[in-house]
1. Mind listing whichever residues of the range 45-56 are in contact (Cβ under 8 Å) with a residue 60 or more places away in the chain and out of contact with any Phe, Trp or Tyr (no Cβ under 9 Å at 6 or more places or on another chain)?
2. Confirm whether G260 is of a type outside the set (D, E), out of contact with any Gly (no Cβ under 9 Å at 6 or more places or on another chain) and surrounded by fewer than 18 Cβ atoms within 10 Å (Cβ to Cβ).
3. If you scan the range 296-321, which residues turn out to be surrounded by fewer than 24 Cβ atoms within 10 Å (Cβ to Cβ) and either among the polar types (S, T, N, Q) or assigned by TED's automatic domain parsing to the domain that holds A77 (or both)?
4. Of the residues I417, I391, only one is crowded, with 21+ Cβ neighbours inside 10 Å, at pLDDT 95 or above and either basic (K, R) or closer than 25 Å to L108 by Cβ (or both); which?
5. Restricting to the range 338-388, count the residues that are at pLDDT 95 or above, part of a loop (DSSP other than H, G, I, E, B) and either outside the structural domain of A183 (by TED's automatic domain parsing) or under 19 Å from A288 (Cα atoms) (or both).
Amino acid sequence: MSRRQLTHEEERMRIIGLETVQLEDFGNLVWVRVHTDEGLIGLGETFRNPEAVCAYIHETCAPRLIGEDPRARTRLAQALRFDVGNRFQGFPTRSIEIRGNSAVDIALWDLCGKIFDQSITTMLGGTVHESFRLYNTCANSNYNNKVRTGYDSQIYSRKTQAPQEITRHEDLLMQVYEPARLARELLDEGITAMKIWPFDVPARESGGRWITAEQMKEGLWVLEQIRDEVGDAMDILMEYHGLWTLPPALEIARATEEFGIFWQEDAVKLDNFDDLQRYAEVSRTRIAGSENLGTLPWYREMFARGTIDVANFDVAWTGGLTEAQRTSHMALAHDRTIAPHDCTGPVTLLANLQLMAAMPNALIAETVRSHLEGFYKEVMTDVPRVENGRIFPTSGPGLGAALNSDVMSRPDLRRRISGRACD
């Protein structure tokens, strides 16, 4: 299909407003809509600390962006990163500013796709992959979309009595109490990779400083159950949330090797570069990292030291698609793969898939089945198709989907606009 010709008015298009959209039912998420004087709207997203993020977007981003050409994505990303008092020293991480910038940047990419009638994948260089193998992060239906901090895993332990009934999609409970059932259920759906975190509870109990023989046995029991049920038909991805110091992290790495782990993710604290390097030198398993400190300066150090094999940055935390594209190219230059993080909201997943489709080094796509089959469908006009354990990017301009129209009439809606809206 030939590219649509821009009208004279569109050639002079300007941003007229920035809007934040929140729903109380999914209060950890912030959606950002960038409005133009030609009636086109771009959609972005970020999550955690929503009130502070919204305040930053309206106080800082909106005055800088209103009146600008929305197609100047790189210049606007640089402006938000450096020109408005946000020039961090050292290794910036998922700050309020970078979260807000990420949501705005994703929205600008979506908007440009609509302006030029092209998918984000096309604007990134074209399709390399039509679909991706997916893995299921074994979280529950409320994971990361409610306004709360900390990990649910700290309250789920086999030391406490299991619920009388664990329903489908309550994967966080199942990974603790019924891991064999969970693995079988996923495999029956065509899913051949799952991410779990069976060692989080002891890490929180000891501050990550030690692990007892009993705690090690409890964590390994989960892996034994999975292997006994489905054998090697299921790849196991291990998540540690950066909770461990180096000595117990190495103990766990050695103990889990026999189970053929697909990757070890965030096994030690992500700001201790020397420990990360020592862990990489000992581990025989590929190492993934990290949405938690995954900005471009951090990856520059990690690739140079050879400490990670898979870059699983979060586009809603790292600076948006502009920064994610740069990180992906840096990974490719180091012969490393990418597997962007998504255990959060629907726009992040859409953006991930658009990016991955254009990147030769895309490895595997993260999903949460309770989200994908649950609230994502409630708030979006379309969600990615899943078939035989593979996930397909949405089609259409930009992200290929938007917020459902009824989102804007929900009773739990919180909407704030700087400038003016075009709808």
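1. P50, C54
2. Yes, satisfied.
3. Across the range 296-321, the qualifying residue is only T307.
4. I391
5. Within the range 338-388, residues that are at pLDDT 95 or above, part of a loop (DSSP other than H, G, I, E, B) and either outside the structural domain of A183 (by TED's automatic domain parsing) or under 19 Å from A288 (Cα atoms) (or both) number 9.
Table: residues versus (1) within 19 Å of A203 (Cβ to Cβ); (2) without any contact (Cβ under 8 Å) to a residue 40 or more places away in the chain; (3) of a type in the set (V, I, T).
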residue	(1), (2), (3)
E258	no, yes, no
I261	yes, yes, yes
L270	yes, yes, no
Q277	no, yes, no
G289	yes, yes, no
A339	no, no, no
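Quick grid of which residues meet (1) touching a His at 6+ places or on another chain (Cβ under 7 Å); (2) of a type in the set (V, I, T):
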site	(1), (2)
T285	no, yes
R300	no, no
A304	no, no
Q325	no, no
D342	no, no
M356	yes, no
M380	no, no
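The values are calculated or read from the model by the stated rules, or taken from the named source; none is laboratory data. These numbers were taken from a predicted model, which means no experiment stands behind them. So basically every Cβ, Gly included, is an ideal-geometry build from the backbone, and we count neighbours across all protein chains shown.
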